[in-house]
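Values in this text are rule-based calculations from the coordinates and carry no lab data. Predicted model, so just to flag it, every value in this text is computed and none were measured. Virtual Cβ from ideal backbone geometry, glycine too; neighbours counted across all protein chains shown.
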Amino acid sequence: MEKANAAAAENQAVGSMDDGGHLDILMIHALLDSLFTIFTTMVGVKIYPGVPALKQGNAAMGEVTGLIGMKADTASGSVALSFTLPAIRVISLNLMGHELTSIDKDAADLTGELTNMLVGGAKRVLSEKGHEFDMQTPQLLLGGGHEIVHHCAGQTVVLPVRIGEDEFYIELNFV
């Protein structure tokens, strides 16, 4: 009975873009495909996605976030990519050859580039499956305790991603 209730809750949280109101599992797969491509081909670091969960509140789980809106005829929403300082250190060292040691303009620039690559790659995957989205320019948010206010009033799903000994987070909010 518990398995049936858990499956029903998951289906309610992650529905279809075609049902008029929920995040499609296709979006999660497109983002993961894009994420693995970035980390395999450019960053050269193994990542391990965790279990998606419904997010409570607007508090960022990272210290620097890129937030980008996406819009289609059948759905609209936003994706956030939020990094902790330890995660951005690992990424910067492997991608650029030097380690960022603080959350500053360079960390924000890197986060913006990674957000564009993530969502651009997901947009390509979705386009191949017949879902056309327009992307906005990412909004960059800095500092511990900043809030991520998504573009729609729908429920936000957060996906933790382990990198080394730390995590970073992808948030999805679509209606």
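Once the Cα atoms are used to define both axes, helix 105-128 deviates from the longest principal axis of the chain by about 40 degrees. Here the Kirkwood formula puts the hydrodynamic radius of region 88-140 at 12.4 Å, using every distinct Cα pair. Given in Å, the Rg to one decimal and the Dmax to the nearest whole number for the Cα atoms of region 50-145 are 14.4, 42. Seen from all directions on average, the chain presents a Cα convex hull projection of 10.0 nm².
Computed from Cα atoms, the angle from the helix 2-13 axis to the main principal axis of the chain rounds to 80 degrees.
Compared with the dominant principal axis of the Cα atoms in the chain, helix 85-96 is inclined by about 70°.
The trypsin sites (Lys or Arg not before Pro) of region 22-74 that meet both conditions, a loop assignment by DSSP and at most 16 other Cβ atoms within 10 Å of the site Cβ, are Lys46.
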